[in-house]
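Have a look at the structure below before the remarks.
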Amino acid sequence: MNYFAYSVSGYNADFATTQEELMERLSALGFNINNLNKNCNNSQQLIDNYNNIYNSRPTLSYDIDGMVYKLNRFDWQQRMGVLSRTPRWAIAHKFPAERAKTILKEITIQVGRTGALTPVAELEPITVGGVVVSRATLHNQDEIERKDIREGDLVILQRAGDVIPQIIEADKSARQPDSQPYKFPEICPVCGSHAIREQDEAVRRCTGGLICGAQIVERLKHFVSRQAFDIEGFGAQNIQSFWEDGLISEPADIFKLEREMLEKREGWGEKSIDNLLNAISEKRKISFVRFLYALGIRHIGLGTAKLFAKNYKSFQYLMEKSSFDELISIDGVGEKAATEFIEFLQEEHNKKLIENLLRHVQVEDYEDNRQQSQLTDKTVVFTGSMEKMTRDEAKAKAEFLGAKVSGSVSAKTDFVIAGTDAGSKLKKAQELGVKILTEEEWLEIANNI
């Protein structure tokens, strides 16, 4: 492995007093130093150096997505200090995403858990930013029509943030004379059901529901996912193969799996079978919130599931007594979520799915374990990456202390907890004058309550 040395931990002023001197000392000690390092005296020299390195980027023997500007003097760095783990004395200047041209061979359609038809560009493989790209999402019907992207086109693509492949545009000057606009399908390519587009929605959806193979598999994957039933060892690949082999076709089938059904499967030994069956057995008792979320009803995420649970306490009571008017009267529940839930229950196959599942699973009544504290009923928003805990752990901690966790910033927000790489939410909080806390400040408050 090769690397460039750029810093030293725990050194003092006797070793080096500037970044430039540090690089010289490290080089003298035999460390590999990047020869593109340069001491600039003004902003124009910084930009000139940026442009020079950007232009030489394709010839480098390693990948690079930008540069970092640092104050040269270490005593000035100390005076500037740091925010959380982000230094005030250094700033990144990223390069524009690298672009390339290739042929769009075909547009295929993927069907997701909620029936959404997503167009995918199948590309002639090409290297972009050091990664071979052969597929890119086209998002939806409007995106294809807006960019007038067609099969057979020469397209320009980039990796957004040097990560996600995206098609920027088609090179219309290279288009073949017999090229035809892409006709978005109105029939689901998986089950043959009608695919409709509701008013004010960009997405076209399959109406097949649980008769659609693609939706079944994706719903099963969602059912066992971490925030739903969280069945360890039951990943996407196992769900796919079990469904293809006829072992599972609905969530209740997961709890009907037996040792004899798994022993003949390739790659399944005694220990792996024991682990899976034990993991399934542990989930025969599940919280109201997780159970409702696991059903995969559109517009009912964890937050909405918690609101339903807090107001109805029992899943059985929710099934028997809920109505559209009652649901939308719950603070935080919108018309879309209420409509989707009521329509879900009106479908006989969905009722049957829940009945089958409840023969194997006990849904625990909701208990509000929140503490009364100075954060009770305060609205908090988390943004950026957390260092000391995951985002989910941070949200759970806030809710336990009685706070309301929101996904967006408004004038009613009490606190915004900003981790590293915080984006638009932090900016909006600053504009609205909302109190902003670092992760450390938030933890100090939370842990001392």
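The numbered conditions (1) surrounded by 15 or more Cβ atoms within 10 Å (Cβ to Cβ); (2) under 30 Å from Arg204 (Cα atoms); (3) of a type in the set (S, T, N, Q) are all true for Thr108 except (1).
Restricted to region 138-192, and to residues there that are of a type in the set (S, T, N, Q) and in a loop (DSSP other than H, G, I, E, B), the residue that is modelled with the lowest pLDDT is Gln176.
Quick check on my filter: what residues within region 2-47 are small (Gly, Ala, Ser), without any contact (Cβ under 8 Å) to a residue 24 or more places away in the chain and assigned to a loop (DSSP other than H, G, I, E, B)? Listed by number, the residues that qualify are Ser7, Ser9, Gly10, Gly30. Among the residues examined, Tyr50 qualifies as within 40 Å of the chain's Cα centre (by Cα), assigned to a helix (DSSP H, G or I), closer than 21 Å to Phe95 by Cα and touching a residue at least 12 places away in the same chain (Cβ under 8 Å).
If the condition is being under 22 Å from the mean Cα position of the chain (by Cα), of a type in the set (Lys, Arg) and closer than 18 Å to Ile164 by Cα, then region 95-148 contributes only Arg135.
Scanning for something under 30 Å from Phe223 (Cα atoms), surrounded by fewer than 19 Cβ atoms within 10 Å (Cβ to Cβ), of a type in the set (Ser, Thr, Tyr) and at pLDDT below 95, does region 118-130 turn up at least one residue? No, there is no match, as no residue in region 118-130 is under 30 Å from Phe223 (Cα atoms), surrounded by fewer than 19 Cβ atoms within 10 Å (Cβ to Cβ), of a type in the set (Ser, Thr, Tyr) and at pLDDT below 95. Taken over region 231-241, the residue count meeting the criterion of being within 17 Å of the chain's Cα centre (by Cα) and of a type in the set (Asp, Glu) is 0.
Residues in region 228-284 that are in contact (Cβ under 8 Å) with a residue 60 or more places away in the chain and touching a Leu at 6+ places or on another chain (Cβ under 7 Å): Glu250, Pro251, Ala252. Checked against (1) part of a strand (DSSP E or B); (2) hydrophobic (A, V, I, L, M, F, W, C); (3) over 30 Å from Trp442 (Cβ atoms), Ala92 passes all but a single condition, namely (3). Each residue in region 182-209 was checked for being touching a Ser or Thr at 6+ places or on another chain (Cβ under 9 Å) and surrounded by fewer than 20 Cβ atoms within 10 Å (Cβ to Cβ), and 8 of them qualify.
Anything in region 17-72 that is of a type in the set (A, V, I, L, M, F, W, C) and surrounded by 14 or more Cβ atoms within 10 Å (Cβ to Cβ)? List them, or say none. Listed by number, the residues that qualify are Leu22, Met23, Leu26, Phe31, Ile33, Cys40, Leu46, Ile53, Ile64, Met67, Leu71.
Scanning region 219-278 for residues that are in contact with a helix residue (DSSP H, G or I) (Cβ under 9 Å, 6 or more places away or on another chain), among the basic types (Lys, Arg) and in a loop (DSSP other than H, G, I, E, B) yields Arg226, Arg265. Condition (residue is closer than 26 Å to Ala294 by Cα and basic (Lys, Arg)) applied to region 431-438: is it met by at least one residue? Within region 431-438, not a single residue is closer than 26 Å to Ala294 by Cα and basic (Lys, Arg).
Considering only region 109-124, state which residues are within 16 Å of Gly208 (Cβ to Cβ) and hydrophobic (A, V, I, L, M, F, W, C). Once the filter is applied, which keeps residues that are within 16 Å of Gly208 (Cβ to Cβ) and hydrophobic (A, V, I, L, M, F, W, C), region 109-124 yields Ile109, Val111, Ala116, Leu117. Quick check: is even one residue across region 308-318 crowded, with 20+ Cβ neighbours inside 10 Å and among the small types (Gly, Ala, Ser)? Yes; the residues of region 308-318 include at least one that is crowded, with 20+ Cβ neighbours inside 10 Å and among the small types (Gly, Ala, Ser). Which residue is nearest to Glu244 (Cα to Cα), if the candidates are limited to region 198-214 and must be of a type outside the set (A, V, I, L, M, F, W, C) and modelled with pLDDT under 90? Out of the qualifying residues, it is Gly213.
The values are calculated or read from the model by the stated rules, or taken from the named source; none is laboratory data. Note that this is a predicted model, so its numbers are computed, not measured. With ideal geometry, Cβ positions are generated from the backbone for all residues, glycine too; neighbour counts draw on all protein chains shown.
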